[in-house]
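Have a look at the structure below before the remarks.
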Amino acid sequence: MKIGFIGLGNMGGPMAANLIKAGHEVVGFDTADVCVDGLAMAASAAEAATNSEVVITMLPNGAILRSVADQIIPAMGNGSTLIDCSTVDVESARAVDDQTTAAGLLFVDAPVSGGVGGASAGTLTFMAGGSDAAFAVAEPLFDIMGQKAVHCGAAGAGQAAKICNNMILGVTMIATCEAFALADKLGLDRSKMFDVVSTSSGYSWTMNAYCPAPGVGPKSPADNDYQPGFASELMLKDLGLSQQAAASADADTPMGQLALELYQRFVEDEDGLGKDFSAMLPRFQHRGRK
Ligand code: NAD
């Protein structure tokens, strides 16, 4: 299949590489000077989209997605498919869906979970929104780049699933970190705390699979000086999207809002920038930090 791939950063680069390895003919474009093994580069986003049956975008945010969509949609052939794998706001996904539909194209919003490791290993999870016809085009490509794809509903449903998942993730990471900080103060050994909670009703992915306490549980970024992993600023971005969605949908998400405020402080005023999102644990060891 002829595929245009736009946005070849930490995630897009390895995803494009996996499509090439599977035998697809991929033409890439990025505004930065990037290099992916075996990838032919176009001079513009529109050029990468011209003559492609599918165009995949993996971009930083909704505003950039909308501007790239304006450039590529006129260049895409009738009946071709745009798959956006970026994490963006639900409104941007729906706006690009409207634009593609008006141009006679198919659209899938398909944000991912699994991080850079999952992108390289081809083990991402895709959460997809769009018509059955659009999902049918995208699914074989999801099978190459990932291990699971869930068709969540109409356009925007993939982004909705992603931000709800990551709101739970941010909140539970904070809860896990503060519980470890409290356990420390109560003189409870961290490995005993892990043994109990990981097999009791407080268990969660953040405790069992991605424990924020160094030397406890399976290997995680905590064991590597909190190098990401999933960087705090990306968690902050996703919590911001969840609160933007909650405001526009009139949903009450107080824990999500508090998680947003804590990650904002951690990234902007403390030492969280560039660190894994589990690096919050030490900040809870002193009462009274606002
Ligand atoms: P990144 O910053 O490494 O890559 C984004 C790429 O887009 C960059 O190479 C940038 O030069 C390029 N770009 C920016 N504007 C462009 C334009 N107008 N035209 C063409 N290219 C342009 O980011 P990333 O980590 O690869 O993340 C990409 C998306 O995936 C984001 O939406 C992010 O939230 C999401 N995501 C990231 C992770 C992760 O662990 N990194 C996990 C899940 C989802």
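The values are calculated or read from the model by the stated rules, or taken from the named source; none is laboratory data. Just so it is clear, the structure is predicted and the values come from calculations on it, not from any experiment. All Cβ positions, even for glycine, are placed from backbone atoms using ideal geometry, and neighbour counts span all protein chains on display.
Tabulated data for the structure shown
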quantity	calculated
Count - residues of the range 43-61 that are more than 22 Å from ALA136 (Cα to Cα), within 11 Å of the ligand (Cβ to nearest atom) and assigned to a loop (DSSP other than H, G, I, E, B)	4
Residues that are among the charged types (D, E, K, R) and surrounded by 22 or more Cβ atoms within 10 Å (Cβ to Cβ), drawn from the range 14-38	ASP30
Evaluation of ILE64 against (1) touching a strand residue (DSSP E or B) at 6+ places or on another chain (Cβ under 6 Å); (2) within 11 Å of the ligand (Cβ to nearest atom) (one fails), failing number	(1)
Filtered residue count, the range 177-212, keeping only those that are of a type in the set (A, V, I, L, M, F, W, C) and in a loop (DSSP other than H, G, I, E, B)	4
LYS237 being surrounded by fewer than 20 Cβ atoms within 10 Å (Cβ to Cβ), within 17 Å of ALA259 (Cα to Cα) and in contact (Cβ under 8 Å) with a residue 60 or more places away in the chain	yes
Subset of the range 1-42 [in contact with a strand residue (DSSP E or B) (Cβ under 8 Å, 6 or more places away or on another chain), among the hydrophobic types (A, V, I, L, M, F, W, C), more than 11 Å from the ligand (Cβ to nearest atom) and assigned to a loop (DSSP other than H, G, I, E, B)]	MET1, LEU39
Residue in the range 201-222 that is under 28 Å from LEU59 (Cα atoms), of a type in the set (A, V, I, L, M) and out of contact with any Pro (no Cβ under 7 Å at 6 or more places or on another chain) present	no
Cβ pairs under 6 Å, 6+ apart, first in the range 8-34 and under 14 Å from VAL116 (Cβ atoms), second of a type outside the set (A, V, I, L, M) and within 13 Å of the ligand (Cβ to nearest atom)	LEU8/GLY28; LEU8/ASP30; PRO14/SER120; ALA16/PHE5; ALA16/GLY28
Filtered residues of the range 222-239 (kept if in a helix (DSSP H, G or I), touching a helix residue (DSSP H, G or I) at 6+ places or on another chain (Cβ under 6 Å) and not aliphatic (A, V, I, L, M))	SER232, GLU233, ASP238
Selection count, the range 86-117, where residues are farther than 22 Å from ALA245 by Cβ, modelled with pLDDT of 95 or more and either of a type in the set (Ser, Thr, Tyr) or not in a strand (DSSP E or B) (or both)	4
Residue in the range 94-126 that is nearest to ASN78 (Cα to Cα), counting only those that are within 13 Å of the ligand (Cβ to nearest atom) and buried (at least 23 other Cβ atoms within 10 Å of the Cβ)	ASP109
Close pairs (6 angstrom Cβ cut-off, 6 or more residues apart or separate chains): modelled with pLDDT under 95 in the range 40-63, within 10 Å of the ligand (Cβ to nearest atom) and in a strand (DSSP E or B) anywhere	none
Sole exception among (1) within 18 Å of TYR263 (Cα to Cα); (2) surrounded by fewer than 21 Cβ atoms within 10 Å (Cβ to Cβ) for PRO212, by number	(2)
Out of ALA181, ALA209, sole residue that is out of contact with any Ser or Thr (no Cβ under 6 Å at 6 or more places or on another chain), more than 26 Å from ARG287 (Cβ to Cβ) and small (Gly, Ala, Ser)	ALA209
